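Student: Take a look at this one; I'll ask things after.
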Amino acid sequence: MYEFIQKFHSGWAYLAIVLLVIAVVNSFLGKSSNKEFTPKDRKIALFGLIGTHTQMLIGLILYFVSPLGSASFGQMSDKALRLTSLEHPLVNVIAIVLITIGWSKHKKAVTNDAKFKSIAIFYGLGLVLILSRIPWSLWF
């Protein structure tokens, strides 16, 4: 069961990152070209939000069934264990909170520019945080 969830978490990560990159790029392009925020732009941002929230749910399940998760807290001097048991989950939860804030702020924004700006900034920060804490050695 653990191996299936781990592979699913790793595979879904590709989709979540692609959706997030598309949402960030779309927002930067929309903001820079002063275009109208359309339902298509909203759906792109929503898919990024859903993809990352699904990834977090899978990751939380994995965290509690994994031998590299919460059981490794006593071994914080080992860099790899610290990454998988503390840094990766904590930073990614913060990233998803930022993405959720970006989604909420865009819904309250009145102008097209403000909508694109909220998504670009908060989703972009979330993307940077996610990419910074991926355990690359375990992923490839």
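The values are calculated or read from the model by the stated rules, or taken from the named source; none is laboratory data. Nothing here was measured: the structure is a model prediction, and the numbers come from that model. Because the Cβ atoms are built from the backbone with ideal geometry, glycine has one as well, and the counts that use them run over all protein chains shown.
Student: Mind listing whichever residues of region 14-40 are among the hydroxyl-bearing types (Ser, Thr, Tyr) and either exposed (fewer than 11 other Cβ atoms within 10 Å of the Cβ) or free of Cβ contacts under 8 Å to residues at least 40 places away in the same chain (or both)?
Tutor: 14, 32, 33, 38, listed by residue number.
Student: What number goes with the only condition from (1) loosely packed, with under 15 Cβ neighbours inside 10 Å; (2) farther than 19 Å from residue 123 by Cβ that residue 82 does not pass?
Tutor: So residue 82 meets the others, but not (1).
Student: Tell me, please, whether a residue that is closer than 19 Å to residue 30 by Cβ, surrounded by fewer than 16 Cβ atoms within 10 Å (Cβ to Cβ) and more than 15 Å from the chain's Cα centre (by Cα) can be found in region 114-124.
Tutor: Looking through region 114-124, at least one residue is closer than 19 Å to residue 30 by Cβ, surrounded by fewer than 16 Cβ atoms within 10 Å (Cβ to Cβ) and more than 15 Å from the chain's Cα centre (by Cα).
Student: Among the residues of region 93-123, what is the count of those that are of a type in the set (Gly, Ala, Ser) and either without any contact (Cβ under 8 Å) to a residue 12 or more places away in the chain or not in a helix (DSSP H, G or I) (or both)?
Tutor: Looking only at that region, the number is 3.
Student: Next up: Looking at (1) surrounded by 11 or more Cβ atoms within 10 Å (Cβ to Cβ); (2) at pLDDT 85 or above, can you tell me which one residue 70 breaks?
Tutor: Status for residue 70: all satisfied but (2).
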